[in-house]
1. Using a basic spin-label model with each label point 7 Å from the Cα along Cα→Cβ, how many nm lie between B:S260 and B:I215?
2. Would you please calculate the Kirkwood hydrodynamic radius of the protein assembly as shown over all C-alpha pairs and express it in Å, rounded to one decimal?
3. Could you run the Karplus curve 6.51 cos²θ - 1.76 cosθ + 1.60 with θ = phi - 60° over segment B:228-236 and give me ³J(HN,Hα) per residue in whole Hz, x for Gly and Pro?
4. 7 Å from Cα along Cα→Cβ at both B:R343 and A:E10: what's the point-to-point distance in nm?
5. Set the Förster distance to 25 Å, then compute FRET efficiency between B:D244 and B:T18 from the Cβ-Cβ distance, nearest 0.05.
6. Calculate I(q)/I(0) for segment A:12-128 by the Debye formula, one identical point scatterer on each C-alpha and no solvent, and give its log10 at q = 0.13, 0.17, 0.21 Å⁻¹ to two decimals.
7. Hey, can you grab everything whose amide H is under 5 Å from the amide H of B:I307? Only 5+ residues off in sequence or another chain; H modelled, so Pro and N-termini drop out.
8. Just to check I understand the Karplus step: with θ = phi - 60° and J = 6.51 cos²θ - 1.76 cosθ + 1.60, what whole-Hz values come out for segment A:83-97, glycine and proline as x?
Amino acid sequence: MIPENLKYMESHEWARQEGDIATIGISDYAQSEIQDIVYVELPEIGTELTQKTEFGVIESVKAAFDLYAPVSGEVIDVNESLLDAPEQVNESPYDDGWFLKIRMTDPAELGDLLDADGYQAHIEAEHA
Amino acid sequence: MKQTPLYQAHKSLNAKFTEFGGWEMPLQYSSIVKEHLAVRTTVGLFDLSHMGELEVCGPGANALVQKLSTNAVGRLTDGRVLYTLFCNEAGGIVDDLLVYRYADNHYMLVVNAANIEKDRTWVESHNDTGAEIRDMSEDTALIALQGPKSIDLLKPLVPKQAISEIRYFRFILGEIAGIPITISRTGYTGEAGFELYVSAENGERLWNVLYPEVIAADGQPVGLGARDTLRLEAGLRLYGMDMDDNTDPFEAGLGKFVKSKNRQFIGKRALSRKKKEDIARQLVGFQMLDRAVARSGYTVYQAGEHIGNVTSGAPSPTLKCSIGFASITSEAMLNDKIDIEIRGQLHPAKIVKVPFIISGQ
């Protein structure tokens, strides 16, 4: 299940655009590969993010995984409910399991990301 | 990478694989948490065929095994199992293992997968009693059945013998579906259970007999991911992580497995000396006080001072917080408050007694 209305990174983060705001999460494919997510470490509101650089970490029972920013901008909201219920990332990666909202400095950066078809092809290539 | 006789069975269950001690082993079949909780509540089925089996036979067998073991192997009788350490002359731990006594002239040593060659060489190089040493690792499959339902599951499969009467750390020779098996009441999970030794050629047959019974009992096949979290909760150390050739039994918190009275063994002199000295560092259990995950290698602090390192760490599916072992200075043990550095940030933790959870054996 790869929603058509999102943009994706090869490192499996997604971005959903609403004006100059982007909501960020990880894909259903990523959560099913990582499994058993027990901890999420996210930046504070006000943090400036740069596209394709690390902004946080998720931990499964087995390992830690870095998260990369799909776009540059200021963090304006953080999904605090993940601190107590990180399993939402497994259960609802595109809705309840979102990480951040970013006010984009350059919405044109979204053009650098994969669309649903491109992401699908990327997963298939990675899995082959 | 080496594969066990059950590799195809794992493949057909769509297991995710991992490298462990030179072996390609199932990491998980479904989810580590699900598999872990199955062992705590119902039953789990494990392939442990990567473990090594060294047989020591002949009239010199008893003396050789005694000489190598820190624990009192001489007290074993037929059909009993003993946990012991092999130490080097300096008192460092060569390996931790189980010793099975089939007879006075027939022992089986069950050793860690990554140490098979090292241990075989160690045993051979100290063989001055003329014992016969056979490495049976390639010819042996090991399947474990662990969890509260394991006894009831196995009972009807071994109708001729009273499975429920095998006490902890004892074994019998039996058969399941006509396959000869060493049925051992042992495990590495903190739950009741069995470890079943079978010839490699019969390994897949035995797995296929047990698998549907495990599923019918609401159990799961269990990979090495959950094996690690289960042994951690049970407070069991892992060689290569929590101890190595440079760790002595006291530093590893395994001093009770060193029995020096009226017996000789390799490492005794060094260990007797050490016993009198203060032990500089010690392995302790810790529990995180927030949700952060402490993993092997992370640095441990107390009141801003570096006191040691995490040797094993993982989220505990039962306790829903992170737990682990850390090797810290003995002075630091006087205060149970510690901090663990995770990605540049200090996170609070406390020293706790192990096992972290008490279950049935």
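Values quoted throughout were computed directly from the atomic coordinates according to the rules given, and no laboratory measurement underlies them. Since we're looking at a predicted model, the values are computed, not measured. Reconstructed Cβ throughout: ideal geometry from the backbone, glycine too, with neighbour counts over all protein chains shown.
1. The modelled label-to-label distance comes out at 5.5 nm.
2. On the way: mean 1/r = 0.0405 Å⁻¹.
That comes to 24.7 Å for the protein assembly as shown.
3. Along segment B:228-236, the couplings run 5, 5, 5, 5, 5, 4, 7, x, 9 Hz.
4. In this crude spin-label approximation the distance works out to 2.2 nm.
5. E(calc), rounded to 0.05, equals 0.75.
6. Log10 of I(q)/I(0), two decimals: -0.47, -0.81, -1.22.
7. Correct list: B:V300, B:Y301, B:Q302.
8. 5, 8, 9, x, 5, 4, 5, 6, 7, 8, x, 9, 10, 4, x
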